[in-house]
1. Looking at segment 161-223, I'd like the Rg to Rh ratio, where Rg is from alpha-carbon atoms and Rh is Kirkwood's inverse mean 1/r.
2. Please order 276, 169, 106, 113 by the number of other Cβ within 10 Å, starting at the fewest.
3. Non-local amide H neighbours of residue 299 (under 5 Å, H modeled in plane, Pro and chain starts lacking H): which ones?
Amino acid sequence: MSVPPGGLILLTGANGYIASVTIHLFLARGYSIRGTVRSIRRNAWMKTYFGPRFELVEVPNIHSPGVFENGDLLRGVDGIVHMAMDMDMNPQNQGIIENTIQSNLRLLEAAARESRVKTACALPTTGVPYKIDSSTWNEEAIEQTSKPWNNEGNPRWHGIKLYAASKARGEQEAFAWARKHQPSFSFNTVVPNVNFGIAISHENMSYRSTAAVLDGVVKGYPAAPSVLPSQWYVDVEDTALLHLAALTLDDVHDERLLAFAGKYSWTQIMEILHRRYPGKIGLGALSNNAEPEVVDAGEVDNQRSIEVLKMMGKEGFTTLEDTLVKAVDTILENQAKNVPKTRIDLYYESVAGRVVGS
C-alpha cells in the first residue's frame, strides 16, 4: 500500500540539497514531513521556513545502534525517505560501507515493526555512467574499495569511491533484506546522477553539493567544470518527484528508479548560459580551458522513470536548458543577499589563487 494523501513522511538528512528540495515538493503536494538533522540548533530556521506541516527531530548520528528505537521518530509515520548519508569523503573511512549497510537495515527493521508504515524507503545512490539499467550496480567502486587505502593515488577520489561503494552496498543489502523478510511496506530506491536546478533558502543553506558547482560557474571560477566532468544530469525536482512516486504509487513496488534525464557536456552548458544570460554572469573564464572535453559515451535505460513521471503528471524529465535556467535564475535572484560561502567556494578560490594560506 502507498502513502495516503496528506500522510506523514519521515525524511532523514533533511538539511541536504536534494532533501531540502524534496521537502519543498512534498509539502506543496499536501504531505507532512518529519525531518531528521544532526543538530536542531544549527537548523532551527527550517521550522519557520517550511511551516506548520514540517517538524524537526535531532539524530546526531544516523549510524548509531538503537537510533531508530526512539519511539517518537517513527510514531504516526506513513512513509520513509532515507537520505541521510556520511558525506565525509575521507579516504581512510573504510567503515563507511558497513555503517551504511547497518544503518539501512536497522531503519528497515524499525519500519517493519510500525504497522502504519506501508510504503517506500527511498535511498538515493550513485550509478556507473557507462551502461546502466535497473540491474546495474557500482561494482567498480565496490571492488576498488574492498581493501583499505594504501595512500596511493588521489585521496579525494578514493574518498568519493568509498562514498559510492557505501551507497551501492547499502542498497544491495536493503533489497536482500526486503526479499527475505517480505515486509508489509513497499521498498523502492531512487538512483540519481548529477542534480541541477533550484536550491532552497540560500541565506541559511548557501549552495550545497552540485548546486554549488553552478554557483561557481555563475561566479566565473575556472575550476568549476572540473568538479563535475561531463556525464548525466537530472533536474533536482524530478528526483524529488520520483521519490514521491516511490512512496505514493501502488504500481511502483520493489523497484529501482533511475533519475538520469540525459547527458550534458560543459560545451552545451556554456552555449546555453551564454545565449540565455549574455553579459550577465562571469562565464569568460570557462572559455579559457584548452583541454579537449571528454564527452560521456554511456547509455542509461531511463524509460521506466519516464513512465513514472508521466503517472505523476509530467511528460518526462525536464530538459537540460530548462533545468539550467531554473538554477541560474535562482542564483541571480539571490546575488544581492548575504549568501554564506561554502567549502567549495573556498576550493575554487584557492585554485584560482584568490586565497593564500587559508
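Any read-out appearing in this document is the output of simple, stated calculations on the displayed coordinates, not a laboratory observation. All figures in this text were calculated on a predicted structure; none of them were measured in a lab. All Cβ positions, glycine included, derive from the backbone under ideal geometry; neighbour counts span all protein chains shown.
1. On the way: Rg = 17.5 Å, Rh = 15.0 Å.
My calculation of the ratio gives 1.17.
2. 113, 276, 106, 169
3. For residue 299, the qualifying residues are 130, 131, 132.
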